[in-house]
Amino acid sequence: MKKYLFLSLVGLGSLHADQFYLQFYNDLFAHTDKHFTNGINIGWIDNDSHANEDEKTFYAQGLYTLASNLNIPAKKYNAGISISQYMFTPEDITKTEPQYDDVPYVGYLSIDFFLFTIQENSFQEFRLSLGVVGKESGAEWVQKTIHKMTGSNEPKGWDTQLGTDYSANLLYRYGNITWEKNLYDKWHIDWFNHIGFQAGNFLLNGFIGSTFRIGYNYIKNFNLHYPYLKEDSSMLIIDDVEKGFGWAFSLSLNASALGYSYIIDEAQKRGYDIEENKFNPVGYAGMEISYNRHKLTFFFQSQTPFLEQDSESEKFGGFNYVYNF
């Protein structure tokens, strides 16, 4: 597994890159350790379609050509690739046997291919996610390594994790900066909204979100937050990145409606007596600091319980780092 991750990262690093980013989620920041407990996303977004021919990758050019042939209008395009890993565990990780009243151990690894079409202050996102569930995801090794580094309890139930299976999911999203304004020639505020859906054999859901931001000299982008790692559009830059020091504070409210979850469906087939909440509102707060080509965001979020039988909300935090080449 470590070999496959290394080769994937080398492959990403060999691409001509405009933006490289790293996202990290963990419930350790909220002093909990259950359900969606860790997530990591490493990605790359290319230069726009108006760049010189020798600056375009074969991959990006192929997506631009496809979008043009499908008559998808845009002032510019951005193509990207990301690798994501998710892990889910029951609340009590000291037990070795299955806990049929809680979620099973689940590891999920995916590679995402996506294209953004951009018009002034709005965008469309088209995404294909190909994933694997099971030992091949590498989640067991990652969690045990992180817990060893942080001095946390060793998770002992990975031998009961869901077995190997493969998935394919499509995602569509539309987002726009609905309103923005300068205050006192120093501060800037904006309001961003997005809506979309996913469909596939891993997840079927619809989602919507709204984010308010205030700050000073921050890099203008689509200020998007999504519950689990699908935030690549927030890395898009729609103005000059050479701006010196800047900062911004964001508050966001998002919600998703679930139609199907592979994790819950497969767990129920194995005898787990669980049911996932069908409606999931999420509150988010983030603080970003930027300097020229670097941007670092720290965030915390809280959402309704993952399972219907739970009463305690799910909480976790993390960070996003973006470097613009």
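The values are calculated or read from the model by the stated rules, or taken from the named source; none is laboratory data. These figures come from a predicted structure and were not determined experimentally. Glycine gets a Cβ as well: all are built from the backbone with ideal geometry, and neighbour counts include every protein chain shown.
Looking at segment 214-257, which of the residues that are in a strand (DSSP E or B) and among the aromatic types (F, W, Y) is nearest to D27 (Cα to Cα)?
Of segment 214-257, the ones in a strand (DSSP E or B) are 214-216, 221, 237, 245-257.
Among the residues that remain, those that are also among the aromatic types (F, W, Y) are: 216, 245, 247, 249.
Values: Y216: 30, F245: 30, W247: 25, F249: 21 Å.
My answer is F249.
Going residue by residue through segment 199-213, is there one that turns out to be part of a helix (DSSP H, G or I), surrounded by 17 or more Cβ atoms within 10 Å (Cβ to Cβ), touching a residue at least 12 places away in the same chain (Cβ under 8 Å) and touching an Asp or Glu at 6+ places or on another chain (Cβ under 9 Å)?
No, every residue in segment 199-213 fails to be part of a helix (DSSP H, G or I), surrounded by 17 or more Cβ atoms within 10 Å (Cβ to Cβ), touching a residue at least 12 places away in the same chain (Cβ under 8 Å) and touching an Asp or Glu at 6+ places or on another chain (Cβ under 9 Å).
So which of F222, F245, F207 ends up being over 19 Å from the mean Cα position of the chain (by Cα) and at pLDDT 90 or above? Let's see the steps before the verdict.
Details: F222 fails: over 19 Å from the mean Cα position of the chain (by Cα); F207 fails: over 19 Å from the mean Cα position of the chain (by Cα).
Being over 19 Å from the mean Cα position of the chain (by Cα) and at pLDDT 90 or above holds for just one of F222, F245, F207, which is F245.
Check whether at least one residue in segment 114-121 is loosely packed, with under 15 Cβ neighbours inside 10 Å, within 23 Å of W44 (Cα to Cα) and more than 20 Å from the chain's Cα centre (by Cα), and report yes or no. Break it down into steps so the answer makes sense when it comes.
Of segment 114-121, the ones loosely packed, with under 15 Cβ neighbours inside 10 Å are 119-120.
Those still in the list that are within 23 Å of W44 (Cα to Cα) too: 119-120.
Still in the list and also more than 20 Å from the chain's Cα centre (by Cα): 119-120.
Yes, there is a match, as at least one residue in segment 114-121 is loosely packed, with under 15 Cβ neighbours inside 10 Å, within 23 Å of W44 (Cα to Cα) and more than 20 Å from the chain's Cα centre (by Cα).
Identify the single condition in (1) of a type in the set (A, V, I, L, M, F, W, C); (2) touching a helix residue (DSSP H, G or I) at 6+ places or on another chain (Cβ under 8 Å); (3) under 30 Å from V103 (Cβ atoms) that F197 does not satisfy, given that it satisfies every other one.
Result: F197 fails condition (2) only.
Being without any contact (Cβ under 8 Å) to a residue 12 or more places away in the chain and more than 22 Å from the chain's Cα centre (by Cα) is true for just one of N182, N153. Which residue is that? Don't jump to the end; show me each part of the working.
Details: N153 fails: without any contact (Cβ under 8 Å) to a residue 12 or more places away in the chain.
On inspection, the qualifying residue turns out to be N182.
Does V142 count as out of contact with any His (no Cβ under 7 Å at 6 or more places or on another chain), among the hydrophobic types (A, V, I, L, M, F, W, C), over 23 Å from H194 (Cα atoms) and without any contact (Cβ under 8 Å) to a residue 60 or more places away in the chain? Let's see the steps before the verdict.
Numbers: out of contact with any His (no Cβ under 7 Å at 6 or more places or on another chain): yes; among the hydrophobic types (A, V, I, L, M, F, W, C): yes; over 23 Å from H194 (Cα atoms): yes; without any contact (Cβ under 8 Å) to a residue 60 or more places away in the chain: no.
So V142 does not fit the description; no.
Counting only residues that are of a type in the set (S, T, N, Q) and under 21 Å from G196 (Cβ atoms), which one in segment 229-270 is surrounded by the fewest Cβ atoms within 10 Å (Cβ to Cβ)? So that I can check it myself, show each step before the final result.
Keep residues of segment 229-270 that are of a type in the set (S, T, N, Q), which gives 233-234, 250, 252, 254, 256, 261, 268.
From the residues that got through so far, the ones that are under 21 Å from G196 (Cβ atoms) too are 233-234, 250, 252, 254, 256, 261.
Values: S233: 25, S234: 25, S250: 23, S252: 21, N254: 21, S256: 23, S261: 17.
Looking at residues that are of a type in the set (S, T, N, Q) and under 21 Å from G196 (Cβ atoms), I get S261.
What strands (runs of 3 or more DSSP E) lie completely within segment 265-325 and have 2 or more residues being among the small types (G, A, S) and over 15 Å from the mean Cα position of the chain (by Cα)? It would help to see each step written out before you state the result.
Working: elements: 279-291, 294-303, 314-324.
Answer list for segment 265-325: 279-291.
Residues checked against (1) β-branched (V, I, T); (2) assigned to a helix (DSSP H, G or I):
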{"site": "F114", "(1), (2)": "no, no"}
{"site": "G131", "(1), (2)": "no, no"}
{"site": "H147", "(1), (2)": "no, yes"}
{"site": "Y174", "(1), (2)": "no, no"}
{"site": "I177", "(1), (2)": "yes, no"}
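In segment 271-283, how many are in contact (Cβ under 8 Å) with a residue 40 or more places away in the chain and either loosely packed, with under 14 Cβ neighbours inside 10 Å or over 30 Å from L162 (Cα atoms) (or both)? Before you say what the answer is, go through the steps one by one.
In the first step, residues of segment 271-283 are kept if they are in contact (Cβ under 8 Å) with a residue 40 or more places away in the chain; the result is 271-274, 280, 282.
Restricting the remaining residues to those that are either loosely packed, with under 14 Cβ neighbours inside 10 Å or over 30 Å from L162 (Cα atoms) (or both) gives 271, 273.
Selection size over segment 271-283: 2.
If you go through segment 81-94 one residue at a time, do you hit one that is at pLDDT 95 or above, closer than 22 Å to I264 by Cβ, out of contact with any Lys or Arg (no Cβ under 9 Å at 6 or more places or on another chain) and in a strand (DSSP E or B)?
Scanning segment 81-94 turns up at least one residue that is at pLDDT 95 or above, closer than 22 Å to I264 by Cβ, out of contact with any Lys or Arg (no Cβ under 9 Å at 6 or more places or on another chain) and in a strand (DSSP E or B).
Name the residues in segment 99-112 that are touching a strand residue (DSSP E or B) at 6+ places or on another chain (Cβ under 6 Å) and surrounded by fewer than 16 Cβ atoms within 10 Å (Cβ to Cβ), would you?
none
With within 17 Å of L22 (Cβ to Cβ) and either acidic (D, E) or touching a helix residue (DSSP H, G or I) at 6+ places or on another chain (Cβ under 7 Å) (or both) as the only criterion, which of E288, E312, E308 stands out?
Details: E312 fails: within 17 Å of L22 (Cβ to Cβ); E308 fails: within 17 Å of L22 (Cβ to Cβ).
Selected residue: E288, the only one of E288, E312, E308 that is within 17 Å of L22 (Cβ to Cβ) and either acidic (D, E) or touching a helix residue (DSSP H, G or I) at 6+ places or on another chain (Cβ under 7 Å) (or both).
Listed residues L253, L307; which is aliphatic (A, V, I, L, M), modelled with pLDDT of 95 or more and in contact with a strand residue (DSSP E or B) (Cβ under 8 Å, 6 or more places away or on another chain)? Steps first, please.
On the way: L307 fails: modelled with pLDDT of 95 or more.
One residue alone meets the criteria, L253.
Please determine, by comparing only the residues of segment 148-185 that are surrounded by 18 or more Cβ atoms within 10 Å (Cβ to Cβ) and not polar (S, T, N, Q), which one is farthest from S110 (Cα to Cα). Spell out the reasoning first.
Filtering segment 148-185 for residues surrounded by 18 or more Cβ atoms within 10 Å (Cβ to Cβ) gives 155, 157-158, 161-162, 169, 171, 173, 175, 177.
In the following step, the residues that additionally are not polar (S, T, N, Q) were identified as 155, 157-158, 162, 171, 173, 175, 177.
Numbers: P155: 22, G157: 22, W158: 19, L162: 16, L171: 14, R173: 19, G175: 24, I177: 29 Å.
Filtering first and then ranking leaves I177.
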